[in-house]
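FYI, it's all coordinate maths here, none of it is from the lab. Quick caveat, the model's predicted, so the values are computed rather than measured. Because the Cβ atoms are built from the backbone with ideal geometry, glycine has one as well, and the counts that use them run over all protein chains shown.
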Amino acid sequence: MPDLIQLIPLALVASTPLLLSVEGELVVQRSGIINLSVEAMLLAAAFGAAVTAAATSSVLLGILGGIAGAAIVAAIFGFFAIAIGSDQIVTGTALNLLALGITGFAFSEISPSTPPTIRPDFVTPLAWIAVPLLVAGFLWHTTAGLRLRGTGENPEAVEAAGWSYARYRWMALGIESILVGLGGAHLALVISNGFAENMSAGRGFIALAVVIFGRWTLRGAIVGTALFGITAALQYALQADNRGLPFHLLLATPYVVTLLILCGVTGRVRAPEWLGRR
């Protein structure tokens, strides 16, 4: 059996795209939005990062391309969910299907060369240390963060105070675009060294589950992501050991463990009051 201590560095790297997606989705859900299209954002970000980095031979431009890919999906989602008040779940589901089809088709047509990789990997410590501190400081220690959280609890009160709750929901989507875009770039330029069809592999959906598991707190979100990361790293180690376990069973392990953890959440879980409302 692999040594769990030795798996920690691998677990941190493997779960970095998930953690960045979780942190972005946490901000968005605190504003009252359920952005189911985080899976589409992550996939578009990985595609944008891989294609841009390959075309320009620049890691920095690749990261910006990843953020741009996530921002395009977020802008479409925001137009339907915020501007015209469409159902958030339906909009997010449609965007996930759209992103899967478009990125797969576009990549087969473009067939870019192998992009440069992020070396050294500065994204992992950024995701696990700097981003949680910045997000916590913003949400709980700034006026803008207080108003953003207020839109998730009582947007009518925010409007009555003279602030536009739609503005703060757009702000939340902007923050999520940066974080998920960075996660997609890490997925393409660190973990996979390129793009592959459906390479997000459900991380966006797991991010939604982890936010709920973490009870809409950063501490809980980090713990939930760490558990997923450890099981993912254990899966890689078991594959390397070649113990004869079915390959598809190993691939499913992190997702099964996350589902079991989510099912085992007990106690009173209070979501933002207006979460998912128009």
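The angle between the Cα long axis of helix 38-56 and the main principal axis of the chain comes to about 60°, on a 0 to 90 degree scale. Calculated on C-alpha atoms, the gyration radius of the range 147-205 divided by its Kirkwood radius gives an Rg/Rh of 1.23. Taking K and R as +1 and D and E as -1, what net charge do the other residues with C-beta under 15 Å from the C-beta of Trp163 add up to? Summing Lys/Arg as +1 and Asp/Glu as -1 gives +1.
When only alpha carbons of the range 32-143 are considered, Rg and Dmax amount to 16.1, 47 Å. Annotation for the range 70-131 versus the range 190-208: alpha-carbon center distance of 10 Å. For the chain, relative contact order (Cα pairs under 8 Å, six or more residues apart, normalised by length) works out to 36 percent. Thinking of the range 1-90 as a set of Cα atoms, what percent of all their pairs are more than 20 Å apart? When every Cα pair of the range 1-90 is considered, 48 percent fall beyond 20 Å. Per residue, the chain reaches -22500 deg cm²/dmol at 222 nm when only DSSP H runs of four or more residues are counted, each adding -39500 (n - 2.57). Kirkwood analysis of the chain, using all unique Cα-Cα pairs, places the hydrodynamic radius at 18.9 Å. The peptide list 178-190, 24-36, put in order of mean Cβ contacts within 10 Å with the highest first, becomes 178-190, 24-36.
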